Amino acid sequence: MDLNWGLILPLLIIEAILIVVALIDLIRIDETKGPKWVWALIIIFLTVLGPISYFIFGRRQD
Amino acid sequence: MQWSVIFKKEMLENARNIKWIWVPIVFFIFGIMDPITTYYLPKILESVGGLPEGAVVDIPMPIPAEAFFYSVSEIDSLGLLVIALIGMRLIAGEMKSGVYELVLSKPVKYTNYVTAKWAGFVLLVVTSTFIGLLAGWYYVNLLFGDLGFDAFLTTFLLYSVYSLFFTAIIVFVNTWFKKPGMVLFLSFLLAIGIDIITSIYGHILTWSPGHISSYVNDYLQSGTIPSEMWGTIGTTFVLIIIMLLLSIVILKNKEK
């Protein structure tokens, strides 16, 4: 299967950035809803969906 | 003066929440996801296998305009979901946490409060939509052939009218309930309700905001903006103003 990496690479890079941003935020934030390590797993293993749900549901909103 | 203070507070908050980073990134992914998967679909089917011997995967490639509309519909569905999830706490969350009382214990005009919050929200949403569509347009040009920049720009401007409308719905519903879940549910109920009414009485309600995405599709297919679009934009802006005015009235009457 020949993939044009020039096309796929930007998508992978941007997904990686999203994961890194979420993880950095997770480390720096004081408290999350639910245990931090669960969020870390969700962020790493659920691509795109993981970081999004962390940003929306995981960060404490107050 | 006062307006810009609230607006700046909103901007600062969105920066602290890192919404200014993650929302544009997510919209970027939404924008390019569909063109890429459509382009690689035949290859994916081949590699997954399960096809009978000698079967030829022959999926016609969409024309560039069609492929670009995939990006638009992705943002029109998943994008709106993300927007609603972010927006469900816009005012309702502040009421719950007490920030709302804190802000309005100062002589703040409700008009300033509502419009500044809406504007801050709109700026984030429209910027993200711009980035998502731009990325989608760029990928369509790489994968499916030429599509003019003017087509992207017109699509973005027309679709943004719907973004403004949807955010106004969210602000409006925010003033009814303190529960974010309720806000999310009712915002979608309203937006979907308008879509359903539009699809049933579409021939009469040619100026309904529910038509915007199909008019955008018409524009992409034919290259000319349907004449009903201008009436639709007019109605949509009137509805936005009505919803914001009602939000202000509701908030005014809530206390005391």
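The values are calculated or read from the model by the stated rules, or taken from the named source; none is laboratory data. Being a predicted model, the structure only gives us computed values, none of them experimental. Glycine gets a Cβ as well: all are built from the backbone with ideal geometry, and neighbour counts include every protein chain shown. Just so you know, the surface numbers come from the protein's heavy atoms only, side chains and all, with ligands and any DNA or RNA stripped out. Shrake-Rupley method; radii C 1.70, N 1.55, O 1.52, S 1.80 Å.
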- Task: Find the sum over both chains of the accessible area lost when A and B are paired, probe 1.4 Å, and report it in Å² to the nearest 100.
- Result: 2000 Å²
- Query: Based on Cβ point charges of +1 for Lys and Arg and -1 for Asp and Glu, what charge dipole magnitude is obtained for the stretch B:61-114 about its Cα centre, in debye rounded to the nearest 20?
  - Reply: 420 debye
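Just need the relative contact order of the stretch B:199-241 here, percent rounded to a whole number, with Cα pairs under 8 Å and 6+ apart. Intermediate results must be reported in sequence, preceding the final value.
Numbers: 30 pairs, mean separation 17.8, N = 43.
It comes to 41 percent, rounded to a whole number.
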- Listed residues B:Phe130, B:Phe188 arranged by accessible area, highest first, probe 1.4 Å: B:Phe130, B:Phe188
- Determine the per residue accessible area of chain A with all protein chains present and a 1.4 angstrom probe, expressed in square angstrom. 61 Å²
- Query: Probe 1.4 Å, all protein chains in place: accessible area of B:Lys252 in Å², nearest 10?
  - Reply: 100 Å²
- Carbon plus sulfur, as percent of the 1.4 Å-probe accessible area of chain A, comes to 69 percent
- Query: Stokes-Einstein at 10 °C, 1.306 mPa s, Kirkwood radius from Cα pairs: D for the protein assembly as shown in µm² s⁻¹?
  - Reply: 75 µm²/s
- Item | For chain B, the fraction of alpha-carbon pairs in successive 10 Å shells from zero, as % | 7, 27, 31, 21, 10, 3, 1, 0
- Note on the structure: Cα-based Rg and Dmax for the stretch B:119-256, in Å, come out at 16.9, 61
- Between the chain alone and the structure with every protein chain in place, find the residues of the stretch A:9-28 that drop at least 50 Å² of accessible area; heavy atoms, 1.4 Å probe. A:Leu11, A:Ile14, A:Leu18
- Query: Using alpha-carbon pairs under 8 Å, 6+ residues apart, how would you state the relative contact order of chain B in percent?
  - Reply: 26 percent
- Task: Take the Cα atoms of the stretch B:107-180, build their convex hull, and give its volume per residue in Å³.
- Result: 100 Å³
- Query: Roughly how much of B:Thr37 is accessible, in Å² to the nearest 10, using a 1.4 Å probe?
  - Reply: 70 Å²
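Give the relative contact order (percent, whole number) for chain A; include only Cα pairs under 8 Å separated by 6+ residues.
In percent, rounded to a whole number, it is 34.
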- Only helical DSSP H runs with n ≥ 4 go in: add -39500 (n - 2.57) per run for the protein assembly as shown, normalise by residue count and round the 222 nm mean residue ellipticity to 500 deg cm²/dmol. -24500 deg cm²/dmol
- Solvent accessible area, Å² - A:Ile56, 1.4 Å probe, full protein context: 10 Å²
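Ranked from the most accessible area to the least, with a 1.4 Å probe and all protein chains present, what is the order of B:His203, B:His211?
Result, largest first: B:His203, B:His211.
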- Message: Using 29 Å as the Cα-Cα cut-off, could you pick out the over-long pairs in A:Lys33/B:Lys178; B:Lys109/B:Lys179; A:Lys36/B:Lys254; A:Lys33/B:Lys117; B:Lys179/B:Lys252?
- Response: A:Lys36/B:Lys254
